[in-house]
Amino acid sequence: MSTVTVPAGPAPANTRAGTKKKAAGSGKRRLPLLPALIFVIAVTQIPFLLTLFYSFQSWNLVRPGSRHFVGFQNYIDVFTDTTFLGALVNTVVLTVVCVMVSLLLGLGLAILLDRKFIGRSFVRTLLITPFLILPAAGALLWKTTMFDPTFGLLHFVFGTDTDWLSKFPLAAVMAQIVWQWTPFMMLLTLAGLQSQSKEVLEAASVDGANRWRTFYSITLPHLSRFLQLATMLGAIYIVNSFDAIFLMTQGGPGTASTNLPFYIYQRAFEGFDVGQSSAMGVVVVIITMIVATFALRLMFRAFSVDGGTK
């Protein structure tokens, strides 16, 4: 017995009309976003494409007519530049130390503020204040009131005339950044603590678990998502630190406290080397994209985000 296949006819007119109407409605809803999209492209993608173009050029602004195509020579010079490699190491050290120390301090302060005591709201407001201060203002504040060898607070406490910014430049910068970012870590961790189920803690207490055992086995696993989010956001912002180094140490003495953003600034605006500074910028963007991609995957895994479904 043969089977007769009937060819599918054209879709009904009402179905085609409904599809077109739906597409038109979707386009109308997205149309108000077009100015924002154009603005983002204009201020981010076009400058990056120009930076990529200049990275293949040898161009120094103090030598008119010196601009010419050199291919990948700028990138070779970047990876053979000992100052750039030293700035890369300083950037890694500064980011890792500042993120870890501010995260631990924020965790400790969050645990203290999670308990009820008189004046808790006032203390919480005081502890958040450093994060609300502009980075440039915070850097100048620490430079003049903390590390000044004559009138600084450290001179008053320890009674020494130590020039902290000259002897311990990178440590001084890290102290200021930790002071600035600890409140941010504290807020995220405190939000995690306050979202914890009290019934689970009461059940652990009834079962005879002490405070350390409860914190290690119940509270810390619950905070893992918040700690990972705080680490990711803190690393993204701290790796781009410029204000503290520019205003406190100028990258010195020598290059002892120079990080990548400050070194790129020096090559571009003090050395007027457009080509090499552009190549450095492209390298830093690529490194940042790799780190950010890894961090975002870690965060999505922590929050069980997979296309909106588990």
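What follows draws every value from the coordinates through simple rules; no lab data is involved. Note that this is a predicted model, so its numbers are computed, not measured. Positions of Cβ are backbone-derived with ideal geometry, glycine not excepted, and every protein chain shown enters the neighbour counts.
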> Of the listed peptides 273-279, 145-151, what is their order by residue-averaged count of other C-beta atoms within 10 Å, with the highest listed first?
Replying inline: 273-279, 145-151
> GLN57's amide H: which non-local residues (gap 5+, or another chain) put their own amide H closer than 5 Å, with H modeled 1.01 Å from N in plane and none for Pro or chain starts?
Replying inline: VAL70
> So how far, in whole Å, is the C-alpha centre of region 198-235 from the one of region 91-146?
Replying inline: 21
>> Once R0 is set to 41 Å, what does the formula 1/(1 + (r/R0)^6) return for the Cβ-Cβ distance between ARG211 and ILE286, expressed as a FRET efficiency to the nearest 0.05?
In response: 0.35
>> Taking 25 Å as R0, compute the FRET efficiency from the Cβ-Cβ separation of ALA136 and ALA191 and round it to 0.05.
In response: 0.35
> With +1 on each Lys and Arg Cβ and -1 on each Asp and Glu Cβ, how big is the dipole of region 185-256 about its Cα centre, in debye rounded to the nearest 20?
Replying inline: 80
> Of THR182, GLY119, LEU61, which is farthest on the positive side of the dipole of the chain, counting Cα position, with +1 on Lys and Arg Cβ, -1 on Asp and Glu Cβ, and the Cα centre as origin?
Replying inline: GLY119
>> Could you order the peptides 164-171, 205-212, 76-83 from most to least packed, using the average number of other C-beta atoms within 10 Å per residue?
In response: 164-171, 76-83, 205-212
>> I'd like the Karplus ³J(HN,Hα) series for region 278-284: coefficients 6.51, -1.76, 1.60, θ = phi - 60°, whole numbers in Hz, and an x wherever there's a Gly or Pro.
In response: 5, 4, 4, x, 5, 4, 5
>> Just to verify a number: FRET efficiency for LEU154 and VAL97, C-beta to C-beta distance, R0 = 25 Å, to 0.05?
In response: 0.80
>> Give me the one-decimal nm value for the distance between modelled label points at PHE48 and ILE128, 7 Å along each residue's Cα-to-Cβ direction.
In response: 3.3
>> Could you tell me how many cubic angstrom of Cα convex hull volume the chain has per residue?
In response: 319
> Of MET186, MET100, MET289, which is the most mobile in a GNM of the chain whose springs link Cα atoms less than 10 angstrom apart?
Replying inline: MET289
> Can you list, bin by bin at 10 Å, the percent of alpha carbon pairs in region 170-305, starting at 0?
Replying inline: 11, 27, 28, 18, 10, 5, 1
> Size of the dipole of region 81-276 about the Cα centre, Lys and Arg at +1 and Asp and Glu at -1 on the beta carbon, nothing else charged, in debye to 20?
Replying inline: 680
> Just for the Cα atoms in region 62-115, what are the lengths along the principal axes, largest first, rounded to whole Å?
Replying inline: 67, 22, 18
